[in-house]
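Novice: This is the structure I want to talk about, given as structure tokens.
Please treat every number below as a calculation from the coordinates, not as lab data. Worth saying up front: this structure is predicted, and the values here are computed from it rather than measured. Note that we place each Cβ from the backbone using ideal geometry, even for glycine, and neighbour counts take in every protein chain shown.
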Amino acid sequence: MPTRIAVFGAGSWGTAFAMILADAGCEVALWGRRPELVDAINTTSRNPDYLPDVILPPGISATADAAQAAKGASAAILCVTAQTLRANLAAWAPYLDEDTVLVSLMKGVELGTAKLMSEVIAEVTGAGPERIAVVSGPNLSGEIVRRQPAASVVACVDEAVAARLQEACRTQYFRPYTSADVIGCELGGAVKNVIALAVGIADGHGLGDNTKAALITRGLAETTRLARAMGADAHTLAGLAGMGDLVATCSSPLSRNHTFGANLGRGLTLAETIAVTKQTAEGVPSCRAVLDLARRHGVEMPITETVVDIVHGGQPPQDAVKALMSRAAKPERR
């Protein structure tokens, strides 16, 4: 009998991950907020709002009923925007079994609390760390739904749980690795969105590859400093959940955060950029939460601070570049 897994969130990444699970032989219940979208998925085997050209495999059934989605699920995949997780999960929690593994696909930090998604999950549900996992890596939905080869990391402090999840989402085109470093994987996924905004701004402003390479490299250094301060393994940030995700998000036109930043770099205001953006760019709200997290841990993150100044403070990109370039000289290892 196939493993039954619930996926909460019928956006592009939630739908793409549901496809991975179904291709791996799982029975998938895909929860969507809007009944009309759920009906369309069930009747046409397509997600018309996010992936209209993709035919979904038969192992997926959609529902707008959270209780129905959660019933009998060995794992609940959580794939909503980071800032809505707490409220959504509070509504879903009563329907989840006590042994259901809770898996975050989200890449953000909660505003106000500066908590990682795994911490929000623990607070809302009371689940122990052995029931909380994270999937992170260079996973652009538009490529995955075409079944192009991709790799990712499944992280959980319980290695047996990570291994079970690895098997549940392993296909010929999707190769998951396991890790016990939940914090490192989450930080890699959250901060790369902020750095992708910076690279997008540079692109939109007409700056060159030297600038982008510097932002990516020093952005990784910022992320690693914060990860180490929070007890994560620095090696995690050199892998798929760190450098891998960072490169993909900073260089691909499929990246929401890069595209958002590019529009800002071209001179659009924040309101104008939001108006032309169809899907959430997690780095926009999360950049402030990442900076808050860094300050709480006494970690210097100048690129992140600059992104906050541009996105939320209205600082012109050219002034931000001058400020970054005029910082005090130091050895690269810092």
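Novice: Normalised by the residues of region 4-182, what does the relative contact order come to in percent, with Cα pairs under 8 Å and at least six apart?
Specialist: Computed over region 4-182, the figure is 19 percent.
Novice: Rounded to the nearest 20 debye, what is the charge dipole size of the chain about its Cα centre when +1 sits on each Lys and Arg Cβ and -1 on each Asp and Glu Cβ?
Specialist: 720
Novice: Based on the Cβ-Cβ distance of N210 and Y173, what FRET efficiency does E = 1/(1 + (r/R0)^6) give at R0 = 25 Å, to the nearest 0.05?
Specialist: E between N210 and Y173, to the nearest 0.05, is 0.15.
Novice: Using the 10 angstrom Cβ neighbour count as an exposure proxy, how do Y173, Y50 rank, fewest first?
Specialist: Taking fewest neighbouring Cβ atoms as first place, the list is Y173, Y50.
Novice: Another question about this same structure. For the residues T223, T178, T84, what sequence is obtained by ranking on other C-beta atoms within 10 Å, fewest first?
Specialist: T84, T178, T223
Novice: Hey, another quick one. Straight-line reach from K71: which aspartates and glutamates have Cα under 13 Å away, leaving out those fewer than 8 places along the same chain?
Specialist: Within the straight-line cut-off, K71 pairs with E27, D97, E98, D99.
Novice: Let me have the relative contact order for the chain, percent, based on Cα pairs under 8 Å that are six or more residues apart.
Specialist: For the chain, the relative contact order is 14 percent.
Novice: Under 22 Å Cα to Cα from K330, which lysines show up? Leave out anything in the same chain fewer than 8 places away.
Specialist: K330 reaches K212, K322.
Novice: Where both partners of a DSSP beta bridge lie in region 1-157, what percent of those bridges are antiparallel, to the nearest 5?
Specialist: The answer is about 20 percent antiparallel.
Novice: Also, I was wondering about something else. Can you give me the C-alpha center-to-center distance between region 219-279 and region 187-208, rounded to a whole angstrom?
Specialist: 5
Novice: Moving to a separate point now. Sort W92, W31 so that the residue with the fewest other Cβ atoms within 10 Å of its own Cβ comes first and the one with the most comes last.
Specialist: W92, W31
Novice: Output the peptides 257-263, 211-217 sorted from most to least packed, where packing is the average of other Cβ atoms within 10 Å over each peptide's residues.
Specialist: 257-263, 211-217
Novice: Comparing N88, N139, N47, which has the greatest mean-square fluctuation in the GNM of the chain with Cα pairs linked when under 10 Å apart?
Specialist: N88
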